[in-house]
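Read-outs throughout are calculated quantities, based only on the coordinates presented, and are distinct from any laboratory measurement. Note that the structure is a prediction, hence the values are computed from the model and not measured. Note that we place each Cβ from the backbone using ideal geometry, even for glycine, and neighbour counts take in every protein chain shown.
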Amino acid sequence: MRRGSLLRREAIDGYLFISPWIVGFLVFTLGPMLFSLYASLCDWDMLHTPRFIGLANYATMFGHDFRFAKSLSVTLLYSAMALPLGVVASLGIAILLNQKVKGLTLFRAIYYIPAILPGVAVALMWKWIFNPESGAINLLLAKIGIQGPGWFTSPEWAVPALVIMSVWGAGAGMIIYLAGLQSVPTQLYEAAELDGAGAWGKFRNVTLPMISPTVFFNIVMGIIGSFQVFTTAFVITGGAGSPAYSTLFYVLYLYQKAFKYFSMGYACAMAWVLFVIILSLTLVVFVTSKRWVYYESERRG
């Protein structure tokens with residue numbers, strides 16, 4: 001009986017210690033999520049009482065709203081281009097900064113600083129760089145006899161310009177890859193060299209398998225981040241998604257429906273569709289990870 005009393009007391013103390021998190025989760029996360037789910041089934045303009053309309057928002061979204069389809073296609077195109085480029089760029093920079101050279105700390109800081117700069121300031125800077133008339137990129141292209149594109153003023157080049165911008169923040173993924181690279185045992189490289197492996201052989205047979213959990217993590221975070229692009233598109237286009245809706249990203253359109261057109265119920269429905277899309281893609285990565293992610297603890301077992 002005394003043991004049972006102690007266990008109950010420990011359980012009560014444990015719940016008391018984590019009660020701030022539990023209350024915060026219920027009030028600020030689970031509660032709003034459940035209300036958002038209910039609001040997605042309502043016609044609600046935030047000024048009047050929500051009116052239950054069932055699945056009408058979802059029916060309109062998939063059957064009659066061409067801007068929903070456009071925003072989803074723009075986001076998918078951006079993700080398909082930016083995610084692989086971001087993974088390769090971050091990993092390449094991490095490999096370079098994993099070498100033993102002078103001034104390594106300074107180089108790491110230089111490559112990481114862009115990842116922590118304010119998003120609005122970065123968007124304004126790139127808006128000037130990609131200016132078709134006076135931007136730095138087109139001026140450099142003109143010096144070698146190439147007429148630069150319209151970038152953000154061109155429907156064909158707007159998304160590629162944003163993809164190029166995304167590489168600016170490769171320092172965030174670089175830090176994670178760098179931590180993974182530094183955890184690779186050096187004796188594995190020594191064994192590979194004894195077997196006659198060159199630089200590419202060591203990278204393919206030692207580095208990639210050993211940092212595959214890090215690659216897996218960055219891919220999952222990249223999927224989530226690429227589907228939530230908002231700041232750059234909002235600042236550069238003034239929230240319009242121009243030209244010709246070529247930068248109308250999903251979250252930007254969700255913002256328009258919620259705070260420009262006051263269709264909060266419709267925006268909540270869009271949010272849940274986005275949740276399902278991201279969850280589905282993440283589950284695909286998790287399921288397929290068994291084929292290419294190497295965990296040293298599992299191999300030892």
>> Taking amide H atoms as placed 1.01 Å from N in the peptide plane, list the residues 5 or more away in sequence, or in a different chain, whose amide H sits under 5 Å from that of Tyr294.
In response: Ser212
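At 222 nm, what value in deg cm²/dmol follows for the chain if DSSP H runs of at least 4 each add -39500 (n - 2.57) and the sum is divided by all its residues, to the nearest 500? Show your work: numbers first, answer last.
On the way: 16 runs with 206 residues, N = 301.
The helix-only estimate for the chain comes to -21500 deg cm²/dmol at 222 nm.
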> Suppose R0 equals 22 Å; then what is the FRET efficiency for Ile116 and Val167 from their Cβ-Cβ distance, rounded to the nearest 0.05?
Replying inline: 0.90
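Given a Förster distance of 30 Å, report the FRET efficiency between Ala191 and Ile95 from their Cβ-Cβ distance, rounded to the nearest 0.05. Before the final figure, lay out each step's value.
Working: r = 20 Å, r/R0 = 0.65.
So, using R0 = 30 Å, E works out to roughly 0.95.
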> Once label points are set 7 Å from the Cα along Cα→Cβ at both Leu104 and Ala142, what is their separation, rounded to one decimal in nm?
Replying inline: 4.4
> Say each of Thr153 and Tyr261 gets a label point 7 Å from the Cα, pointing the same way as Cα to Cβ; how far apart are those two points in nm?
Replying inline: 2.9
>> Output wanted: per-residue J couplings in Hz (rounded whole) for the stretch 38-44, from phi through Karplus 6.51 cos²θ - 1.76 cosθ + 1.60, θ = phi - 60°, x for Gly and Pro.
In response: 5, 5, 5, 9, 10, 9, 9
> Which lysines have a Cα lying under 21 Å from the Cα of Lys127, excluding residues fewer than 8 positions away in the same chain?
Replying inline: Lys143
> Met125 to Asn205: FRET efficiency via 1/(1 + (r/R0)^6), r the Cβ-Cβ distance, R0 41 Å, to the nearest 0.05?
Replying inline: 0.50
> Any idea what diffusion coefficient the stretch 63-300 gets from Stokes-Einstein, in µm²/s, Kirkwood Rh on alpha carbon pairs, 37 °C, 0.692 mPa s?
Replying inline: 164
>> On a straight-distance basis, which aspartates and glutamates could pair with Lys260 in a cross-link, Cα separation under 20 angstrom, same-chain partners fewer than 8 positions away excluded?
In response: Asp43, Asp45, Asp65
> Given H placed on each backbone N at 1.01 Å, which residues far from Cys42 in sequence or on other chains put an amide H within less than 5 Å of it?
Replying inline: Ile53
>> Cross-link candidates for Lys257: which lysines have Cα within less than 21 Å, leaving aside residues fewer than 8 places away along the same chain?
In response: Lys70
> HN-Hα J couplings of the stretch 243-250 from phi, Karplus 6.51/-1.76/1.60, θ = phi - 60°, integer Hz, Gly and Pro as x?
Replying inline: x, 6, 6, 6, 10, 7, 5, 4
> Using alpha carbon centroids, what distance separates the stretch 127-205 and the stretch 8-57, in Å?
Replying inline: 41
> Got a sec? How would Ile146, Ile137 order by Cβ neighbour count within 10 Å, fewest to most?
Replying inline: Ile146, Ile137
